[in-house]
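Values in this text are rule-based calculations from the coordinates and carry no lab data. Since this is a predicted model, take the numbers as computed values, not measurements. Positions of Cβ are backbone-derived with ideal geometry, glycine not excepted, and every protein chain shown enters the neighbour counts.
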Amino acid sequence: MRGVPRPDFVVADVGTTVAKMGEDHLLSPMVNLEAPIEAAWGDASSRVFPMLHHARGLKLQSSGFRYRMSYDLDPADFDDSVIAKLEEMGLDVLISDNRFFDVLPKGVSKGPTLTRLVDHLGLEHARVLTAGDTLNDLSMLTAGFRAVAVGKSEPALIEQLGGHDSAYLARQEGVAGIAEAILHYGFLI
């Protein structure tokens, strides 16, 4: 698509992937930044899958992630006792938009991973803008960068951001909300 900038780097998979975008538009994992994520995850898939295979209210997503497991959540049927079991295994659980259930390595999410990437690249934190709309973005929006929760964000995210001065609440949705934040923060000056 013409006119849309191509990212140089990507933090994806709820913070479990850090990659550089190649000229061929393919992502190459940044092994040095992913090594601690890989170490924190270890062989967790082999322990999580059997435990959650028949868990009520969870359906494994078809994408094969390397350092996390993701499920679609049916809140009406969900048995939340699995959360404590996963935490006992040394893993983090993240529920967002009341429909996504992610099992992550302890301490790994978008915020800490983005911070490590920004520091690795030697970027000024004040020149970084983060944007999100669900609870899986919370750690990134509160990581000390300028932040925007775009219009029609998940209400639970807005509630969590209530005490954070660095998070701008945009009226516009999606990229229009990001553009609103760019103007708000004076990035074009």
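By counting other Cβ atoms within 10 Å of each Cβ, how are LEU161, LEU104 ranked from fewest to most?
Working: LEU161 22, LEU104 26.
Result, fewest neighbours first: LEU161, LEU104.
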GNM of the chain, Cα pairs under 10 angstrom: of PRO50, PRO112, PRO155, the biggest fluctuation goes to PRO50
As a quick test, which of the pairs LYS106/LYS152; LYS20/LYS110; LYS59/LYS110 have an alpha carbon distance above 26 angstrom in this structure?
LYS106/LYS152
Sparse-neighbourhood loop sites, GluC sites (Glu not before Pro) in region 12-78 - DSSP loop, at most 16 other Cβ within 10 angstrom:
GLU23
Evaluate the distance, in nm, between pseudo-label points positioned 7 Å from the Cα of ALA126 and of VAL175 along their respective Cα→Cβ axes.
2.9
Of SER109, SER62, SER153, which has the largest mean-square fluctuation in a 10 Å C-alpha GNM of the chain?
SER62
Rounded to 0.05, the calculated FRET efficiency for the beta carbons of ALA12 and ILE189 at R₀ = 25 Å is 0.25
Pseudo-spin-label distance MET89 to HIS54, built 7 Å along Cα→Cβ, given in nm, is 1.6
What are the radius of gyration and Dmax of the chain, computed over its Cα atoms and given in Å?
17.4, 54
